[in-house]
Amino acid sequence: MSKVVEISPTTRHEGHSKLVLKVNDEGIIERGDWLSITPVRGVEKLAIGKTYEQVPKIASRVCGICPIAHTLAATEAMEASMGVEIPDDAYLLRMILQCGNRLHSHALHDILALPDLYLPGTDIKVNPFSPEEPVRSVAKRIQTLRMIGQTVGEIVGGEAVHPSNPRVGGMYKNITPRAKAKIFDLAKQGIQLAREQMEFMIALEENYMKRDWAEMCGREVAIPKDLGYHNQGYMAAAPMYGSSSLDLNPEWDPARWLEVRPWDWYMGEEEITLEDPAYPIGGTTKAGTKAWPQMQACTGVPLYDGQPVEVGPRARLVKYQNYDRKGAMGLNIARAMEYMDCMYKMIEAVDAIDTSAPVCADVIPQGDGEIGWAANEAPRGCDVHLAKVRNGKVEWFSMLVPTTWNFPVCSRALTGAPWELAEVIVRAYDPCVSCATHMIVLDENNKLVAQKLLE
């Protein structure tokens, strides 16, 4: 007979989510639901009636890790609705900004994922804050890579976190020749560090795949060879930057997208029947507690061609580089492989930019209400923003962010894993849960569910 265990909240990622897992007598997951429990901010409703200049700034505030991707996706959704074509050098600046954001974000994920991994040839888990070598040098390298990414973001975007330089029509300012030289210097410093970090992470992840067990809850838990496998598809709009409805051959199709309610996807009300006080940190939810994923989930469930699809580093590599590694570690390895693509593309873009060229369109139409969309390849995956702009005001705005796409895919990838390793699978997707939380769930009487989350 199945038992139910709940891990709430999950840890070492942005935002708050939880896992509700049905397991068999051996503790193997028969069905897993991973869902957001982050309070709703109502970003899409806040956008209604605002000007097209305001909404990208609002959209960027859903996250402090990937606000650059949200700024660019929202800006380009406005441009797509209004029919605005930006200058070539403005696109190059956006590309550099994108590369800086991905570099910093991938490095940050390494810090969060390292405690799941082991130093090769040992049974010692990696503590990224250890003063001992080789971990001490790795931590310094990660922080240097993040510094490079954030500094590039500040130079090109105006701010390291919420960029102020991007605007509808291009960019407010071009960079100076001195700034261009500075980015070159940073990229040259970063390319060697990125190669070293890529090789280090791949070595740890391949080592994990060869191990028979991982220590969890004070015991050895068997690692299945298919940890985190799923049979879903992949979705990506570009290897590095993205696509929009203004492209001659757009790489994303809104006609293939459908969003369903959490009620149609997640489990109904369940009673927790399995608890483990040894699970870090603080143990699992106590037995006898009620869980109701259908009514507690704070996101819709987006489908592409009627099915969940994975987005992110592996999706990009599958679509554009014939990548074929599966499972949680296959996803982590794909993320590590993107380090070099990121650095090469940054160098290519900064080399091509003309610092004396205009970076804003001469004419910016005010929009006639036509729908426009932009699919930006954020660090965690395809970040789709859709908008309708009429006479300079936003009539409708929607954000389909990477973790929203990955919630249902990762839920299916949990099947067959020991429940103690469920968070290892979740962390492979590098969740950004707050970005994904844009929905208030009501019951059949239009009463707000899970009010305690919003108090």
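Quick rundown of the values:
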{"item": "Of residues in segment 23-43 being outside any loop (DSSP other than H, G, I, E, B) and open to solvent by 30 Å² or more (accessible area, probe 1.4 Å), the one farthest from residue 407 (Cα to Cα)", "result": "28"}
{"item": "So residue 86, is it more than 23 Å from residue 250 (Cα to Cα), of a type outside the set (Phe, Trp, Tyr) and assigned to a loop (DSSP other than H, G, I, E, B)", "result": "no"}
{"item": "Hey, residue 147 open to solvent by 10 Å² or more (accessible area, probe 1.4 Å), in a helix (DSSP H, G or I) and in contact (Cβ under 8 Å) with a residue 60 or more places away in the chain or not", "result": "no"}
{"item": "Among the residues listed as 224, 163, 239, the single one being part of a loop (DSSP other than H, G, I, E, B), in contact with a helix residue (DSSP H, G or I) (Cβ under 9 Å, 6 or more places away or on another chain) and open to solvent by 70 Å² or more (accessible area, probe 1.4 Å)", "result": "239"}
{"item": "Residue match in segment 97-110 (condition: aliphatic (A, V, I, L, M) and closer than 21 Å to residue 174 by Cα)", "result": "yes"}
{"item": "Close pairs (7 angstrom Cβ cut-off, 6 or more residues apart or separate chains): hydrophobic (A, V, I, L, M, F, W, C) in segment 238-252, part of a loop (DSSP other than H, G, I, E, B) and open to solvent by less than 60 Å² (accessible area, probe 1.4 Å) anywhere", "result": "252/237"}
{"item": "Breaking point among (1) farther than 18 Å from residue 10 by Cβ; (2) under 22 Å from the mean Cα position of the chain (by Cα); (3) modelled with pLDDT of 95 or more; (4) not polar (S, T, N, Q), for residue 360", "result": "(2)"}
{"item": "Close pairs from segment 49-65: first in a helix (DSSP H, G or I), partner open to solvent by 40 Å² or more (accessible area, probe 1.4 Å), Cβ under 9 Å, at least 6 apart", "result": "55/46; 56/167; 57/162; 57/164; 58/46; 58/50; 60/161; 60/162"}
{"item": "Of the criteria (1) surrounded by 17 or more Cβ atoms within 10 Å (Cβ to Cβ); (2) over 25 Å from residue 209 (Cβ atoms), which one residue 102 fails", "result": "(2)"}
{"item": "Hits in segment 269-282 - residues which are under 27 Å from the mean Cα position of the chain (by Cα) and open to solvent by less than 70 Å² (accessible area, probe 1.4 Å)", "result": "279, 280"}
{"item": "Residue in segment 409-432 that is farthest from residue 106 (Cα to Cα), counting only those that are of a type in the set (A, V, I, L, M) and in a loop (DSSP other than H, G, I, E, B)", "result": "417"}
{"item": "Selection count, segment 283-323, where residues are free of Cβ contacts under 8 Å to residues at least 40 places away in the same chain, surrounded by 17 or more Cβ atoms within 10 Å (Cβ to Cβ) and over 20 Å from the mean Cα position of the chain (by Cα)", "result": "1"}
{"item": "Criterion: open to solvent by less than 20 Å² (accessible area, probe 1.4 Å) and in contact with a strand residue (DSSP E or B) (Cβ under 6 Å, 6 or more places away or on another chain) - qualifying residue of 381, 330, 369", "result": "369"}
{"item": "Residue among 60, 36 that alone is hydroxyl-bearing (Ser, Thr, Tyr), in contact with a His (Cβ under 6 Å, 6 or more places away or on another chain) and within 30 Å of residue 139 (Cβ to Cβ)", "result": "60"}
{"item": "Any hit, segment 68-86, residues being modelled with pLDDT of 95 or more, open to solvent by 40 Å² or more (accessible area, probe 1.4 Å), in contact with a helix residue (DSSP H, G or I) (Cβ under 9 Å, 6 or more places away or on another chain) and not β-branched (Val, Ile, Thr)", "result": "yes"}
{"item": "Considering residues of segment 1-35 that are of a type in the set (Gly, Ala, Ser) and at pLDDT 95 or above only, the residue nearest to residue 422 (Cα to Cα)", "result": "32"}
{"item": "Boolean, residue 251 is in contact with a strand residue (DSSP E or B) (Cβ under 8 Å, 6 or more places away or on another chain), closer than 30 Å to residue 212 by Cβ, assigned to a loop (DSSP other than H, G, I, E, B) and charged (D, E, K, R)", "result": "no"}
{"item": "From the options 281, 347, residue that is part of a helix (DSSP H, G or I) and among the β-branched types (Val, Ile, Thr)", "result": "347"}
{"item": "Some residue of segment 183-193 being assigned to a loop (DSSP other than H, G, I, E, B) and either farther than 18 Å from residue 424 by Cα or touching a Pro at 6+ places or on another chain (Cβ under 8 Å) (or both)", "result": "no"}
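The values are calculated or read from the model by the stated rules, or taken from the named source; none is laboratory data. Note that this is a predicted model, so its numbers are computed, not measured. Using ideal geometry, Cβ is built from the backbone for each residue, glycine included, and neighbour counts are taken over all protein chains shown. Remember, those area values only see protein heavy atoms, side chains included, never the ligands or the DNA or RNA. Shrake-Rupley method; radii C 1.70, N 1.55, O 1.52, S 1.80 Å.
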